[in-house]
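Q: Pasting in a structure now, in structure tokens, and then I'll have a few things to ask.
Nothing in this text is a laboratory measurement; each read-out follows from the coordinates by a stated rule. Since we're looking at a predicted model, the values are computed, not measured. Neighbour counts run over all protein chains shown; Cβ positions are idealised from the backbone, glycine included.
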Amino acid sequence: MSESDGDAWARPAAGADVPRAAAPGPEAGSNGAAPRLGPRPLDRPAVDAESAAVFGRPDGVTGAFSGARPEVRDGSTSTAPPPAALALAFGRPAGDGAPLQRPPNAGPDAAPVDPALWSAADDPWRDPASAAVLGPPPAVGGVATPPPRGEGARLSLREVLFGRRVQRRALAVLGLLALLVGAAGGVVGRLTVDGASRLTEPGARLSTVTESKERPPGSVADIAARTVPAVVSLEVRVGDEAGTGSGIVIQSDGYVLTNNHVVAPAAAGAGSRLDAVFADGTRAPARIVGRDPKTDLAVVKVDVANPVVAAIGSSAGLAVGDAVIAIGSPLGLVGTVTQGIVSALDRPVRLDAGDSDAVIDAIQTDAAINPGNSGGPLVDSTGAVIGINTAIRSIGATSGNEGGSIGLGFAIPIDTARAIAEELIRTGAVRHADLGVNARSVTDGATDGAQVQNVTANGPAALAGIIEGDVIVKVADRPIAGADELVVAVRERQPGETVPVDLVRDGRPLTLSVVLASD
């Protein structure tokens, strides 16, 4: 037989030695057809018990799925019945045998229609691209699910108590709960009150101890106790206006030393009144003995019996850094005591003293001095008066408003104040030495001085040969750094005294002797 007869013979694979069995059929050569070979027998290897236990089917299962698969003759397959819960949720109502798909708008009683007669575009059930829409749950057992209940009408108190709408047992329970809540609140309140009452004790008394504070002689308390009784508060009233200053008793017959600007309003105005108020509250009228506007000092007299007299010291031996105490009535606060040190000595200070343009050679201190301290004493660590508080420098003082202390206070040295007070008590007036020039402060960067602006005709300076333009740099043994220092250097001398004056004229030093006159 030729190779073209391959449709009648099946060739085994090269080298294969497979036994062949005759296929059932007509005998070879019947009807002229060649004999056909039968199918090759299946060679299934044995499966070991362990693999069968892992991958084998459970006992009694012969198909690919569990459960019985009854044979259906028409070629379709049948599945196991669904669980009861799924059938109840998604199954048809009892007795409803209508097909799953109906034509659109067909009622439940409509006759079946061939599905091919209605289009899938009109029915979302047949359109796979249609959106899923949730509908109401199906009726269970043919009975519609009742709608949820709405909120009922609210009951009034009268209906609850007397309308027989609430059971008596419920009312009793509510009342019992109210009583329990009230009782609990009462217990808590009682405990709170008892706890608070334990913090107080009506009969409590603190134990006292003996005084242990030491006030040795020379302490601030000791100095204040000895000096404050000698300080008075001076009250000036002119019409509807009033002012307050301070003073110090300097003699037992009632003479009080103070500042001129404190008593000047009472001296200038008619119908004015000047009173002195002592530390013990004693009030007495005061009379002006004399005033010296050029040094801003004044003496008044008070008719009182046996006043406390201050101890008068000396300002000559003061040194910068010495402890000092200021006493007075700042802002009307009688008997105020402040402490500080001597900040500087021989500080020329020009005052705006009201009726004159006074210049003082002041003691500078950082003891707090405020308006109302004027005329009060500045005392040293022994309690002796070494100055009369007169002026302050402050920041923020404007027209009509007085600034407060910033630690720059100035007092007239008591050595100067004593001489002025004695002269005022003797004669009621004071005469000062005069040079007979007007000057202004100048400097050339290396030397300071007072340049003469004009010279009084036939005055001491003119007679000594001082001319306009001369720069005075020294009077006697005191250097002159400005016009104010020239004033105080001359006034600390006596009228008729001859003093050397060093000056610079046209760049050349020159010394002249000047006989001071009286102002």
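Q: Between Asp506 and Ala319, what is the label-point separation in nm under the 7 Å Cα-to-beta-carbon projection?
A: 4.8
Q: Here's a follow-up. First measure r as the distance between the Cβ atoms of Thr498 and Asp352, then evaluate 1/(1 + (r/R0)^6) with R0 = 30 Å and state the FRET efficiency to the nearest 0.05.
A: So the FRET efficiency works out to roughly 0.35.
Q: Any idea what the alpha-carbon Rg over 2.2 N^0.38 Å comes to for region 433-518?
A: 0.95
Q: Moving on. Provide the FRET efficiency to the nearest 0.05 for the Asp280-Arg426 pair, computing r from the beta carbons and using R0 = 30 Å.
A: After rounding, the FRET efficiency stands at 0.50.
Q: How far apart, in nanometres, would the label points at Thr382 and Asp477 be if each is projected 7 angstrom from Cα along the Cα-to-Cβ direction?
A: Taking the simple label geometry, Thr382 and Asp477 are separated by 2.3 nm.
Q: State the extension gain, in nm to one decimal, for the chain segment bounded by Val309 and Arg168, taking 0.36 nm per residue of separation less the distance between their alpha-carbons.
A: In short, 41.0 nm is gained.
Q: Would you mind checking which residues have amide H under 5 Å from Ala286's amide H? H placed 1.01 Å from N; only 5 or more apart, or other chain.
A: HN-HN under 5 Å from Ala286: Leu274, Asp275, Ala276.
Q: May I pose another question? Could you check the spin-label model distance between Ala270 and Asp240? Points 7 Å from the Cα along Cα→Cβ, value in nm.
A: 2.0
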